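Chemist: Take this structure first; my questions come after.
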């Protein structure tokens, strides 16, 4: 039983440290945040912080890795290419983002980490490009541009949705992203087909 109490305390401590960082990132980038500021906001001492994280960037990377893992798990059906329902996959990803809205809103904001946005974009890139090559005789470089256009546009839609208070249901946003993506590909004359 003592191990469980300690585990609960460690989880709580990590939660308040993470929350403190995210609150501070609402006003400035992580590069300008000090350990002292995090500790004051979290109500902990520096030794406690350092027992879990090396610095604010290490803390941010921990938060981002957890989110990317969650997105990757939800993207797995599409990544495996096993004839998955792409709308259901995107819906799962958008629901996960909704369930982690506070963190995602900060990380995708202007004071967030551009590296996180790049990681989100990269999650499905290989699957998309593999699909493109198998379904199209189009130019590989053009496919990479098309993916970048779709991915960054999708992140922009998600940012707007998060910033607007997520008034539309996750399923509606997932469908919108897919329709906009398909329209963009069709306009470019490069639609290999969406499955």
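What follows draws every value from the coordinates through simple rules; no lab data is involved. In this text, all values refer to a predicted model and were calculated from it rather than measured experimentally.
Chemist: Pull out the extension gain between residue 35 and residue 114, defined as 0.36 nm times the separation in residues minus the alpha carbon to alpha carbon distance; nm, one decimal.
Modeler: Details: separation 79, 0.36 × 79 = 28.44 nm, distance 2.10 nm.
Full extension from residue 35 to residue 114 adds 26.3 nm.
Chemist: Could I ask something else about it? At 0.36 nm per residue, minus the direct Cα-Cα distance, what do residue 122 and residue 167 gain on full extension? Give it in nm, one decimal, please. Don't skip to the end; give the middle numbers.
Modeler: On the way: separation 45, 0.36 × 45 = 16.20 nm, distance 2.70 nm.
Extra length available between residue 122 and residue 167 comes to 13.5 nm.
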